[in-house]
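Laboratory data are not the source of any read-out in this text; all were calculated from the coordinates shown. Predicted model, so just to flag it, every value in this text is computed and none were measured. With ideal geometry, Cβ positions are generated from the backbone for all residues, glycine too; neighbour counts draw on all protein chains shown.
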Amino acid sequence: MVKEVQSGLGDDELIRRSIAVWALAFLCLTACGLALFDSKAETVDRLAEIAGLKEGMVMADVGAGDGDWTVELARIAGRSGRILATEVDDDKLSDLRRLAKNFELGNIEVMKGDQQRTGLQSGCCDFIHIRNVYHHFENPPAMLADLGRALKPGGLIGIIDFDTDNHLSTSNVPDIRKNHGVEAGTVVEEVKAQGFELVRRVN
C-alpha cells in the first residue's frame, strides 16, 4: 500500500514548520523484508518520480556501498548534474572511485565521511539519498544535523530502509538498534525531532 501526502490535505503526516530560513524536508520510504534490494533501475526511476529528481541536480548517495545506486542516480542526474558518493570505509571508497572510472561517469565525486559527518559541503545538495544505511547511524542527531547543513534551500532527503522483521545478524549494527533494520515510525520520530518536516511516506 502506498500512502501519499499532498500539500493542503491536512493529513497528520504532513507537518509544516519553518526551520531558520527554510524548512528541512524528508521522505520516508519503507519496504517489507529485503524487497528494496530488487530491480535497481526500476526502483530509482520510481524514486525519481516520487522525489522529483531530474537531470542537472546535485545529489548525494550517503553510505554508497558498492556504488550500484550511485550509478543509477548518476543516470538520472545526467552530465549536467553531479553525484556525491560518501562512505566511511577506505576499501569501499577505492571501489567507488574505480567504479566511476570504469563506467566513465564524469559526474560522480567520491568523498570520505564518518559517523558524525558526511563530508558534504554546506548547501550543496538538491537531494540526499540514504538507502539501507540509516539504521547503521551510531549518532542519528549528529548525522541529521550534518545532513541538514548539506541541503540546499528547498532540498529533500530520501530515507529508504527495511523494517526489523528479518533474520539478519545484529553484529554490525549500533547498540541503539536492537535489531537489524529500523521501523518507519522510529525514523520519522528521530528525524522530526531534529527539525525536519515529513513531506511524504511511502510503504
Spin-label pair R98/D66, simplified geometry with 7 Å Cα→Cβ offset, distance in nm: 1.3 nm
FRET efficiency, 1/(1 + (r/R0)^6) with R0 35 Å, evaluated for R149 and S169 via beta carbons: 0.60
Cα-based reach from K192 at 14 Å (exclusive), listing aspartates and glutamates while leaving out same-chain residues under 8 positions away: D12, E13
All aspartates and glutamates inside 16 Å of K112 as judged from Cα atoms, apart from same-chain residues fewer than 8 positions distant: D61, D66, E87, D89, D90, D91, D95, D146
All lysines inside 16 Å of K101 as judged from Cα atoms, apart from same-chain residues fewer than 8 positions distant: K92
For segment 163-179, 3J(HN,Hα) per residue [Karplus equation, 6.51 cos²θ - 1.76 cosθ + 1.60, θ = phi - 60°, Hz, x = Gly/Pro]: 7, 8, 7, 8, 10, 6, 5, 9, 5, 10, 10, x, 4, 6, 9, 7, 10
Cα-projected label distance for K54 with E109, points at 7 Å along beta-carbon direction, nm: 2.3 nm
Separation of the Q121 and E189 label points, Cα + 7 Å toward Cβ, nm: 3.8 nm
